[in-house]
Amino acid sequence: MFTTLKRLVTDPVESVFLQVPRALVASVLALIVDFAILEVCVRIVGMPAVPSAILGYLAGGVLQYVLCSYWVFATSAQNDAVTGFVAFTVLSLVGLGITWAVVAIGHDWAGLPIEAAKGIAVGLAFTWNFLSRKYLLFRSTPLAA
């Protein structure tokens, strides 16, 4: 049983049913890094919030790219590291735009509690990020030119 569990956690997988939980773990770890850097920069270093948030977001993005490349979508066709990271970042910025739009519409316009709007935004952004990475960036076979 331990061998089977270890294999499910560490071996490369193709199944979306195994990739989704891995993507969730990668997202949570990236969020922890993002938030920790934000807090250290603002509370300890004394940096303004916006640059601190950008540094945290970028650091979390790097961690998420590495985890997606080597753990979540390890069986996909490998991209050039720089091109792959740029594409990953662009796709992530779409997720950030989804988050901004949902919070603006849900909270600012419709009056939902911020936690509810953010919860909806996180779900939609995660869905976008996972699907765009799986089918655009880390696809098993390259798109025809």
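Assorted remarks:
- For the stretch 1-102, the extents of the C-alpha atoms along the principal axes are 48, 31, 29 Å, listed from largest to smallest.
- Helices that extend 20 Å or more along their long axis by alpha-carbon positions and average at least 0.0 on the Kyte-Doolittle scale are, among the DSSP H runs of the chain, 16-39, 49-67, 81-103, 114-132.
- Counted by Cβ distance under 12 Å from His107, the other residues give a net charge of -1, where Lys and Arg count +1 and Asp and Glu count -1.
- Only Cα sites of the stretch 49-90 enter the Debye sum here, all with the same form factor; the resulting log10 I(q)/I(0) across q = 0.15, 0.23, 0.24 1/Å is -0.40, -0.77, -0.81, listed in q order.
- Summarising the amide proton neighbourhood of Leu112: residues at separation of 5 or more, or on other chains, whose placed amide H is nearer than 5 Å comprise His107.
- Positive-end ranking of Val103, Ala26, Val42 along the dipole of the chain, with charges on Cβ about the Cα centre, is headed by Ala26.
- Per residue, the convex hull spanned by the Cα atoms of the stretch 79-123 amounts to 53 cubic angstrom.
- Arranged from fewest to most other beta-carbon atoms within 10 Å of their beta carbon, Val103, Val45 become Val45, Val103.
- About its Cα centre, the dipole of the chain is roughly 280 debye, where the only charges are +1 on Lys and Arg Cβ and -1 on Asp and Glu Cβ.
Just so you know, all these numbers are worked out from the coordinates, no wet-lab data involved. Keep in mind that what you see is a predicted model, and the values were worked out from it rather than measured. Virtual Cβ from ideal backbone geometry, glycine too; neighbours counted across all protein chains shown.
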